[in-house]
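A.B. asks: Let me give you the structure first, and then I'll get to my questions.
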Amino acid sequence: MRQPLIAGNWKMNGSHDSINELLDGILAGLGTAVKAEVAVCVPYVYLQQVSEKLKGTTLAWGAQNVNDNDAGAYTGEISGSMLKDFDCKYVIVGHSERRIIYGESDEDVAARFKAAQAHGFVPILCVGELSEERESGMTNKVVARQLDAIINHAGTDAIGDCVIAYEPVWAIGTGKVATPGQAQEVHAMIRARLAHLSPDVAAQVRILYGGSMKPDNAGELIRMNDIDGGLIGGASLQAEDFLGICMAAN
Ligand code: PGA
């Protein structure tokens, strides 16, 4: 049995005050009713605040990226050993905004994935196709390529210790959510590809869906066989919406 994971991706949003308010709201609503594991991936500069506030609670936290080098002349970057100072559990790697806006290649993502695991974090590896790739029937090919880059660099067993997030790029922040059938098809393809290499890894790894997930569509998505939770952008910035998705995972 894979415990569902609902992870918030705050992206470049929040302030000291708004984060206090958001976390108060989420913590007040989490209680014992939520059966999913719940996490928030926050901007680096708020990790101190978030780690102090969440220590000893059931809400886990993480970062949104990590550099593959440990220290040195990499202006603007953050290393895994730095993140260790803030007790992160998760680190998102390969988000489509990193791939598209900041030009991170499959190889860059693989190196960052490996660095995250080397420091003891659980990478949330994002994969997903562009709308033109879906329209030209390339979805499975693109997602398989992104996944294979990690397997080739870090090995199959490393996938067993990560979380995969299938995020069709056309669904991110657009309100155009994938249908449960569309998402399940890709999730099943990912799991089948892994099963070919290791049935254990395939059975164990959690595969989240991400892209315009909201309280009113989360239930039908997470009910699909191979969908083990969600990576939530916009709806993770409001306690009520985020909690609604957590409850839908029950
Ligand atoms: P969204 O973002 O929920 O706002 O579509 C998801 C993500 O980018 O992880």
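Derivation of every value follows stated rules applied to the coordinates shown; laboratory data play no part. Fair warning: this is a prediction, and the values are worked out from it, not measured in the lab. We place every Cβ from the backbone using ideal geometry, glycine too, and count neighbours over all the protein chains shown.
A.B. asks: Would you point out the residue of the range 198-236, among those that are under 17 Å from L5 (Cβ atoms) and acidic (D, E), that is nearest to the ligand (Cβ to nearest atom)?
C.D. replies: Applying the filter and picking the extreme gives D228.
A.B. asks: If you don't mind, another one. Can you find even one residue in the range 132-145 that is among the small types (G, A, S), surrounded by fewer than 15 Cβ atoms within 10 Å (Cβ to Cβ) and more than 17 Å from A192 (Cβ to Cβ)? Show your work before the answer.
C.D. replies: Going residue by residue through the range 132-145, those that are among the small types (G, A, S) are 136-137, 144.
After this cut, where a residue has to be surrounded by fewer than 15 Cβ atoms within 10 Å (Cβ to Cβ) as well, the list is 136-137.
Still in the list and also more than 17 Å from A192 (Cβ to Cβ): 136-137.
Scanning the range 132-145 turns up at least one residue that is among the small types (G, A, S), surrounded by fewer than 15 Cβ atoms within 10 Å (Cβ to Cβ) and more than 17 Å from A192 (Cβ to Cβ).
A.B. asks: Pairs, please: C-beta under 7 Å, at least 6 apart or cross-chain, first residue part of a helix (DSSP H, G or I) and in the range 1-26, second among the hydroxyl-bearing types (S, T, Y) and away from the ligand (no atom under 16 Å from the Cβ)?
C.D. replies: Listed by first residue and then by second, the contacts come to I19/Y46.
A.B. asks: How about the range 152-165: which of its residues are part of a loop (DSSP other than H, G, I, E, B) and within 17 Å of the chain's Cα centre (by Cα)?
C.D. replies: Correct list: D161, C162.
A.B. asks: Additional query: Across the range 166-182, which residue is farthest from the ligand (Cβ to nearest atom) among those that are surrounded by fewer than 19 Cβ atoms within 10 Å (Cβ to Cβ) and not in a helix (DSSP H, G or I)?
C.D. replies: By that ranking, first place goes to T179.
A.B. asks: Applying the selection to the range 76-91, what residues are small (G, A, S) and farther than 24 Å from L5 by Cβ?
C.D. replies: So in the range 76-91, the residues small (G, A, S) come out as 76, 79-81.
Across the range 76-91, the qualifying residues are G76, S79, S81.
A.B. asks: Of everything in the range 81-104, what is assigned to a loop (DSSP other than H, G, I, E, B) and not aromatic (F, W, Y)? Give them in sequence order.
C.D. replies: Result: D85, D87, C88, K89, G94, H95, G103, E104.
A.B. asks: Can you say whether E220 is out of contact with any Pro (no Cβ under 8 Å at 6 or more places or on another chain) and among the charged types (D, E, K, R), as far as the supplied structure shows?
C.D. replies: Criteria not met by E220.
A.B. asks: While we're looking at this one, here's another question. Residue under question is I150, and the condition is that it be buried (at least 19 other Cβ atoms within 10 Å of the Cβ) and within 16 Å of the ligand (Cβ to nearest atom); does it hold?
C.D. replies: Answer is no for this residue.
A.B. asks: Could you identify the single residue in E185, E107, E132 that is away from the ligand (no atom under 16 Å from the Cβ), of a type in the set (D, E, K, R), part of a helix (DSSP H, G or I) and closer than 19 Å to Y209 by Cβ?
C.D. replies: Testing whether each residue is away from the ligand (no atom under 16 Å from the Cβ), of a type in the set (D, E, K, R), part of a helix (DSSP H, G or I) and closer than 19 Å to Y209 by Cβ leaves just E185.
A.B. asks: Show the residue pairs that are 6+ apart or on different chains and have beta-carbon atoms under 6 Å apart, the first residue being within the range 39-59 and assigned to a loop (DSSP other than H, G, I, E, B), the second being surrounded by fewer than 20 Cβ atoms within 10 Å (Cβ to Cβ) and polar (S, T, N, Q).
C.D. replies: Matching pairs, first to second residue: none at all.
A.B. asks: Ok, one more. Of everything in the range 88-120, what is on the phi > 0 side of the Ramachandran plot and surrounded by 14 or more Cβ atoms within 10 Å (Cβ to Cβ)? Give them in sequence order.
C.D. replies: Once the filter is applied, which keeps residues that are on the phi > 0 side of the Ramachandran plot and surrounded by 14 or more Cβ atoms within 10 Å (Cβ to Cβ), the range 88-120 yields only G94.
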